[in-house]
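Down below is the structure, laid out as structure tokens.
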Amino acid sequence: MCRVLFAVGEGEKIKPLLDALVKASENDPYKEARGKGKAHRDGWGYALLKKESVMHYRSSRPIFEDIEGVERLKDSLQGFLAVIAHTRAASQGAKNLFNVQPFAFSSRKGFSYWVYHNGDLNKAEVIKLADFEETHFEGASDSYAMGAYLCRKLDSFERDEVLKHYSILAKTANTSFNTGTLFLGPSGNAAGFVTAYSKPTYLLKRENWDYVRQIVLRRENLFAVGSSTLELYHRAEWKNAVNGTAFYVDIDFGDETFSVQELVLG
């Protein structure tokens, strides 16, 4: 499983969170406590959305070794923006560039999105729900299958439509369904969506809870959700997300504002 970050607001306030993600990916005590090693080294990537630009980057190198890629992202964290970032510790799918997240999709319903997932899903069930052919997804991760399901099933990125389909996907979780998504419409309208869910039986072990829980940071001109390990490298007023919580974020790049609605996965 992986380390993740969703953030929207003032770029300068997001830079310390990126630094924390890099450190958390290189040395993760919560991962090590589960006997899974301490590093997330199977690639990393990000999607950065601003009023007049989008940057999407994926690398098969570990984030803590890709100094140039990290510095390029840090230099771009200026002004009002939204960003998602993901560092991979592979559980399903080949360890290659194809499976590095976040994934980018353009829907036939007229919008684009970038999405990451942290956890482990029943890939065969996701494929079945989407009416896909399983042979088409050989070598692809469960997370990619999840993103492809959304591309087929979402009619829009309106709040209720998004909540419905992410709730369906949450039921396929073997372990956790922690996701972050940035949506962009043809008129420049944008939104973010974050889920924080783990299968209750998986959380019976304290080590699993420590590792998979999502933490939330709210400040003026900043809203962020990230993996638990970030709290070890960026001291702030982090709060644990309640298991089963989702956040829908309306993003207005024209006015440089955002609003957050806290929801419950069904």
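The values are calculated or read from the model by the stated rules, or taken from the named source; none is laboratory data. Owing to the predicted nature of the structure, the values given are computational and were not obtained by experimental measurement. Reconstructed Cβ throughout: ideal geometry from the backbone, glycine too, with neighbour counts over all protein chains shown. These area figures cover heavy atoms from the full protein model, side chains too; ligands, DNA and RNA do not enter into them. Shrake-Rupley method; radii C 1.70, N 1.55, O 1.52, S 1.80 Å.
Evaluate the following for SER91: is it of a type in the set (Ser, Thr, Tyr) and modelled with pLDDT under 95? Taking the combined requirement at face value, the residue satisfies it.
If you go through the range 155-183 and keep only what is closer than 18 Å to ARG108 by Cβ, hydroxyl-bearing (Ser, Thr, Tyr) and buried (at least 18 other Cβ atoms within 10 Å of the Cβ), you end up with just THR181. A single member of ALA94, ALA145, ALA104, ALA140 is of a type outside the set (Phe, Trp, Tyr), touching a helix residue (DSSP H, G or I) at 6+ places or on another chain (Cβ under 9 Å), assigned to a loop (DSSP other than H, G, I, E, B) and within 21 Å of CYS2 (Cα to Cα), and it is ALA140. Remark: pairs (first residue in the range 58-77, in contact (Cβ under 8 Å) with a residue 60 or more places away in the chain; second residue open to solvent by 10 Å² or more (accessible area, probe 1.4 Å) and not in a strand (DSSP E or B); Cβ separation under 8 Å; 6+ apart in sequence or on different chains) = LEU77/GLU12; LEU77/LYS15. Scanning the range 181-200 for residues that are under 14 Å from VAL212 (Cα atoms) and either of a type outside the set (A, V, I, L, M) or modelled with pLDDT under 95 (or both) turns up THR195, TYR197, SER198, LYS199, PRO200.
Residues that are touching a helix residue (DSSP H, G or I) at 6+ places or on another chain (Cβ under 6 Å) and closer than 16 Å to LEU81 by Cβ do not occur anywhere in the range 189-211. When the residues of the range 184-226 are filtered to those that are aromatic (Phe, Trp, Tyr) and within 30 Å of GLY110 (Cα to Cα), the one that is surrounded by the fewest Cβ atoms within 10 Å (Cβ to Cβ) is PHE223.
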